[in-house]
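The values are calculated or read from the model by the stated rules, or taken from the named source; none is laboratory data. In this text, all values refer to a predicted model and were calculated from it rather than measured experimentally. Methodologically, a virtual Cβ is constructed for each residue, glycine included, from the backbone with ideal geometry; neighbour enumeration extends over all protein chains shown.
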Amino acid sequence: MSATGTNPAIRSVFIDGPAGRLEGLLNAGVPDATHAALICHPHPLYGGTMHTKVVFHAMKALNGFGFPVLRFNFRGVGLSEGEHAEGRGEVDDVRAALQWLEREYRLPVITAGFSFGASTGLRAACPDERVSALISLGTPVRMEERSYSYSFLGTCSKPKLFLSGARDPFGPRSELEQVVAAAADPKQLVIIEDADHFFEGRLSEMRNVIESWVGKQVLNGA
């Protein structure tokens, strides 16, 4: 199976979350899909939603393989109920979305997240047996007064792709390299030169990296 185009079928869904219903969008997959996918959006307090460009293009890349792809709004965003919970409650939102995918498809799941969604998605998905591979886009290492700890990645032996821009102020290359170096194998770090945190003007390149990695590391090993 290869990334040949996006299945046009899309439907709105609501997921039973720990703080109320979570609003989602499901892009349908093909009947013989080998995986399902889940994508987590960036920080809700800075305008992050499931419609963010990076999230949309990650969906296009994964749906192009025929995978059903679920995007959802964290608590307090869009039509999702509840209030922002500093990342702790949002980890539970990711778990609720994984449970929804399990009930719908019973397929191994590839998780992807962007920025806040990358940190939150990694934390929820690494120990989850339903997840077979992880993609971290614009992994935040430090942002204003907040710093992010990824020590748990030392025992996360699932395939992991870390993809960031060389001009990402929230994940400086040297600090991101330290995070990846401390993570368990298998793992890959890809830095797109001249790209910023949002991969502005480089979204097609971001998609190409995702597609190449999934083809080689996920499907070839399935």
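Of the strands (runs of 3 or more DSSP E) lying entirely inside the range 119-219, those carrying at least 3 residues that are within 16 Å of V55 (Cβ to Cβ) are 131-137, 160-165. Selection of first residues in the range 209-220 that are surrounded by 14 or more Cβ atoms within 10 Å (Cβ to Cβ) and of second residues that are assigned to a helix (DSSP H, G or I) and not β-branched (V, I, T), restricted to Cβ pairs under 6 Å at least 6 apart or on distinct chains, gives the following pairs, ordered by first then second residue: I210/A61; E211/A61. Candidates are the residues of the range 171-222 that are at pLDDT below 95 and polar (S, T, N, Q); the one that is nearest to the chain's Cα centre (by Cα) is Q217.
Is at least one residue of the range 176-190 touching a Pro at 6+ places or on another chain (Cβ under 9 Å) and farther than 20 Å from L153 by Cα? No, there is no match, as no residue in the range 176-190 is touching a Pro at 6+ places or on another chain (Cβ under 9 Å) and farther than 20 Å from L153 by Cα. Which residues, taken from the range 159-198, are touching a residue at least 60 places away in the same chain (Cβ under 8 Å) and hydrophobic (A, V, I, L, M, F, W, C)? Matches in the range 159-198: F198 only.
Acidic (D, E) and either more than 12 Å from P18 (Cβ to Cβ) or surrounded by 24 or more Cβ atoms within 10 Å (Cβ to Cβ) (or both): does that describe E81? Lay out the reasoning, then the answer.
Working: acidic (D, E): yes; either more than 12 Å from P18 (Cβ to Cβ) or surrounded by 24 or more Cβ atoms within 10 Å (Cβ to Cβ) (or both): no.
Against the criterion (acidic (D, E) and either more than 12 Å from P18 (Cβ to Cβ) or surrounded by 24 or more Cβ atoms within 10 Å (Cβ to Cβ) (or both)), E81 does not qualify.
Could you list, in sequence order, the residues of the range 96-126 that are among the charged types (D, E, K, R) and over 13 Å from the mean Cα position of the chain (by Cα)? Spell out the reasoning first.
Keep residues of the range 96-126 that are among the charged types (D, E, K, R), which gives 102-104, 106, 123.
Those that are among the charged types (D, E, K, R) and over 13 Å from the mean Cα position of the chain (by Cα): E102, R103, E104, R106.
In the set (1) in contact (Cβ under 8 Å) with a residue 12 or more places away in the chain; (2) on the phi > 0 side of the Ramachandran plot; (3) over 13 Å from the mean Cα position of the chain (by Cα), G138 fails one condition alone, (3). I need the full set of residues from the range 32-66 which are among the hydroxyl-bearing types (S, T, Y) and modelled with pLDDT of 95 or more, in order please. Scanning the range 32-66 gives T34, T49, T52. Scanning the range 159-183 for residues that are touching a strand residue (DSSP E or B) at 6+ places or on another chain (Cβ under 8 Å), of a type in the set (D, E, K, R) and buried (at least 22 other Cβ atoms within 10 Å of the Cβ) turns up just one, K160.
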